[in-house]
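What follows is one structure encoded as structure tokens, with my remarks underneath.
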Amino acid sequence: MNSHEHQGLVHTIARRYTVPGVSFDDLVQEGLIGLYEAEQRYDPDRKVKFATYASFWVKKRILAFLSRERQHQSRLRVTDEPAEEMPDMHGEADDAHPVGHTVAEDRLSMYRELVKSSVSPVETEIFLMYFGKLMTLADIAGQLGISTERVRQLKQRLLRKLKINAELTKALYAVNRDKVP
């Protein structure tokens, strides 16, 4: 098997997973490692096309890389803050970090900015209404003047675009559930 024949596949898959703050070249490099791994593991006797088999390993490698990057970036956000900006342990707080401010809220804020920078305005509105204001799909549809099904489709497309995994979705629900009166 010649992996040079399938480098276009790696570029195509990497393009689907581009996100702000992550170099496209890094995604391609991780994808090429996945392609190499697929080449080593491929068994032609299984009657599966190599491209199909390789796409699994390329995606797996890219998604693992993105997950590591996200964890690394969130660790930097928490540990790189100067001590004087952190809330006072005696109940006093500054404007940047009020008492009760959590890492989950920081994460929600980070994803709000990611949403605004990488999706359409209507998808941004749906994200903020659904996760921020806890509105139902029907309420959002009524406010935007579109069908509930279209809101559901746009929400699903938004989540696919951002590659939000189940853990993040749970975190978003948890942050917002705590704010419900």
Pick from the stretch 13-61, criterion β-branched (Val, Ile, Thr) and assigned to a helix (DSSP H, G or I), ranking: farthest from GLN71 (Cα to Cα):
THR52
For the stretch 1-51, the count of residues that are modelled with pLDDT of 90 or more and among the β-branched types (Val, Ile, Thr) equals 5
Does at least one position in the stretch 60-80 carry a residue that is under 30 Å from PHE127 (Cβ atoms), modelled with pLDDT under 90, of a type in the set (Ser, Thr, Tyr) and surrounded by 11 or more Cβ atoms within 10 Å (Cβ to Cβ)?
yes
Pairs only if they're at least six apart or on different chains, beta carbon under 6 angstrom, first in the stretch 55-70 and touching a residue at least 12 places away in the same chain (Cβ under 8 Å), second not in a helix (DSSP H, G or I); list them, first residue then second.
ILE62/TYR17; GLU69/VAL22
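The values are calculated or read from the model by the stated rules, or taken from the named source; none is laboratory data. Here the structure is a predicted model, which is why all the values come from computation and not from measurement. Note that we place each Cβ from the backbone using ideal geometry, even for glycine, and neighbour counts take in every protein chain shown.
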